[in-house]
Amino acid sequence: MQDILKELEDRRAEARLGGGQRRIDSQHKKGKLTARERLDVLLDEGSFEEYDMYKTHRCTDFGMADNQISGDGVVTGWGTINGRPTYVFSQDFTVFGGSLSETHAEKICKIMDLAVQNGVPVIGLNDSGGARIQEGVASLGGYAEVFYRNVQASGVVPQISVIMGPCAGGAVYSPAMTDYIFMVKDTSYMFVTGPDVVKTVTNEVVTAEELGGASTHTKKSSVADGAFENDLVALLEIRRLFDFLPLSNEAEIPVLKTNDPADRIEMSLDTIVPENPNQPYDMHEVIRKIADEGDFFEIQKDYAGNILCGYIRLNGSTVGVVANQPMVLAGCLDIDSAKKAGRFVRYCNAFNIPILTLVDVPGFLPGTVQEYGGIIKHGAKLLFAYAEATVPKVTVIVRKAYGGAYDVMSSKHIRSDVNYAWPTAEIAVMGAKGATEILYREELGDPEKIAARTKEYEDQFANPFIAAQRGFIDEVIQPHSTRRRVGRAFDLLKTKKVPTISKKNDNIPL
Ligand code: HXC
């Protein structure tokens, strides 16, 4: 019996060594943790249950029959994060560069199937050279099996990808179909084809960092939702994000006990909006002052800074926040911000996360760049997303709400449930100057007359009361009581029910 027990421990020890000490050392030298060390950080201590530790590939070509490593380059199973379960896979770069074989894919598919069946999220730690070159089409088939499951699981359980090494080819398409992608600065890359192939095909000379590093994907392409300094910080931040998310589309919103009073008054909000309507202020501050304990987990913080998206808690419950940011492009909506926020709103709706919208938007960004880029179609994404969202929606107009952007930003007309405005709100078809120049074109030569007309328009519209008279605004609230008012609104909306029309899928303007 002792021998049998020892054999089990020997087999486990061998599997835990992955591609061997030399390759583990090399991983450490690059500043990266190993696949198992990463799971130790991500999951609660002692909670990891591993599956398929002894699985090996079935490839016999290129001398692979004699090159078997237990686990075949991916560690799979489940564990808990602050007591709540998640399935995980962690690719082991020390084993064939974390490349995906048919059996490696089978291991990932197994936990994905269980995740959907049991209503539990999937977190993938990706560190992979893509399709296992020695296997050919068997590996491609394995990828497609994973892709298919990504789509089936979408909107059913949260899927989070962390890119923790070079990810090429197929290794980037599975993350692309998950809900969130986070990267590690300086050690992770994502590209469909690497710099060498790029040079051969297009003659372009580009470094891996420029082509697919964290900076490229968080600032330019928006493929990634955030980037962190190193493996450790990234994994701890994923734990933080996980705490905000429900386990599935049928699970309750997580509630975290808080000592922050629901009726906390925040007097500084009464003076945060500057006297001069053209002067910006930081919308982050408004969000943090409303949130429980000032905690805000921001999504895509380095991309389309004119709109802010992320999670806060009110009275302990998760709320998704979408807010115009007057510090960037004066808070205008443009192609990038509409795409960013549209996707965020759809995610919240899929997982029953209520949405708080804070509005300070002078309109859509004008110009040929936007029109040629398809602002009509892309701007419609956000409008579409808000209009189809049936989760509780509360809107606060902080300052400007002009033109089509007023309609888009979760207005009453597209079925926001509760719409508040601060006394500083300005709600009109357009800004006073633009409006006067159109209405009184013949008086343009007379600056005094135009100034008087502009003042008249401002007096008429630069306030929330006309909208309130029509019931488009439910109440004009004191800024200092926003946290209490919004929290109470969401509490009452917890039992919201909306009948849905039967359809196969809608046709959001992609
Ligand atoms: C098998 C691989 C591998 C792969 C790396 N290795 N990629 N083995 N299949 N795809 C092995 C290497 O042979 C090496 O083995 C070990 O992993 C580490 O690789 P290195 O090259 O030494 O590491 P590094 O210098 O850090 O470079 C990492 C890398 C590079 C950038 C990922 O290895 C690379 O470019 N690999 C190929 C990427 C690629 O083109 N993949 C196929 C994409 S096509 P030893 O034994 O020396 O440790 C694809 C199709 C799917 O994925 C499409 C579906 C839509």
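Numerical summary
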| read-out | value |
| --- | --- |
| Qualifying positions in region 300-328 - open to solvent by 20 Å² or more (accessible area, probe 1.4 Å) and without any contact (Cβ under 8 Å) to a residue 60 or more places away in the chain | GLY305, MET327, VAL328 |
| Region 484-500 residues that are of a type in the set (A, V, I, L, M), paired with ones that are part of a helix (DSSP H, G or I) (beta carbon under 7 Å, 6 or more apart) | VAL486/ILE290 |
| Identity of the residue in region 174-187, open to solvent by less than 50 Å² (accessible area, probe 1.4 Å) and not β-branched (Val, Ile, Thr), that ends up nearest to the ligand (Cβ to nearest atom) | SER174 |
| Matching residues in region 9-25 - criterion: being in a helix (DSSP H, G or I) and either open to solvent by less than 50 Å² (accessible area, probe 1.4 Å) or more than 11 Å from the ligand (Cβ to nearest atom) (or both) | GLU9, ASP10, ARG11, ARG12, ALA13, GLU14, ALA15, ARG16, GLN21, ILE24, ASP25 |
| Total residues in region 174-187, condition in a loop (DSSP other than H, G, I, E, B) and touching a residue at least 40 places away in the same chain (Cβ under 8 Å) | 5 |
| Hey, ALA171 within 12 Å of the ligand (Cβ to nearest atom) and surrounded by 24 or more Cβ atoms within 10 Å (Cβ to Cβ) or not | yes |
| Enumerated helices (runs of 4 or more DSSP H) restricted to region 188-295, each holding at least 2 residues that are surrounded by fewer than 18 Cβ atoms within 10 Å (Cβ to Cβ) and within 16 Å of the ligand (Cβ to nearest atom) | 195-202, 208-212 |
| Residue in region 75-96 that is of a type in the set (S, T, N, Q), touching a Phe, Trp or Tyr at 6+ places or on another chain (Cβ under 7 Å) and within 30 Å of LEU256 (Cα to Cα) present | yes |
| Close pairs (7 angstrom Cβ cut-off, 6 or more residues apart or separate chains): under 10 Å from HIS57 (Cβ atoms) in region 88-106, away from the ligand (no atom under 13 Å from the Cβ) and among the polar types (S, T, N, Q) anywhere | THR103/THR56 |
| Yes/no for LYS55 being basic (Lys, Arg), open to solvent by less than 10 Å² (accessible area, probe 1.4 Å) and under 24 Å from PRO166 (Cβ atoms) | no |
| Pick from region 149-168, criterion in contact with a Leu (Cβ under 9 Å, 6 or more places away or on another chain) and away from the ligand (no atom under 14 Å from the Cβ), ranking: nearest to ASP231 (Cα to Cα) | VAL162 |
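Listed here are the residues, each with its yes/no results for (1) closer than 17 Å to TYR173 by Cβ; (2) touching a strand residue (DSSP E or B) at 6+ places or on another chain (Cβ under 9 Å); (3) at pLDDT 95 or above.
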{"position": "ASP92", "(1), (2), (3)": "no, yes, yes"}
{"position": "SER101", "(1), (2), (3)": "yes, yes, yes"}
{"position": "LYS110", "(1), (2), (3)": "no, yes, yes"}
{"position": "ALA115", "(1), (2), (3)": "no, yes, yes"}
{"position": "PRO121", "(1), (2), (3)": "no, yes, yes"}
{"position": "GLY130", "(1), (2), (3)": "yes, yes, no"}
{"position": "GLU145", "(1), (2), (3)": "yes, no, yes"}
{"position": "TYR148", "(1), (2), (3)": "yes, no, yes"}
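The values are calculated or read from the model by the stated rules, or taken from the named source; none is laboratory data. Computed from a predicted structure; not experimentally measured. FYI the Cβ positions are ideal-geometry reconstructions off the backbone, even for glycines, and counts take in every protein chain you see. Areas reflect the complete protein model, heavy atoms only, side chains present, ligands, DNA and RNA absent. Shrake-Rupley method; radii C 1.70, N 1.55, O 1.52, S 1.80 Å.
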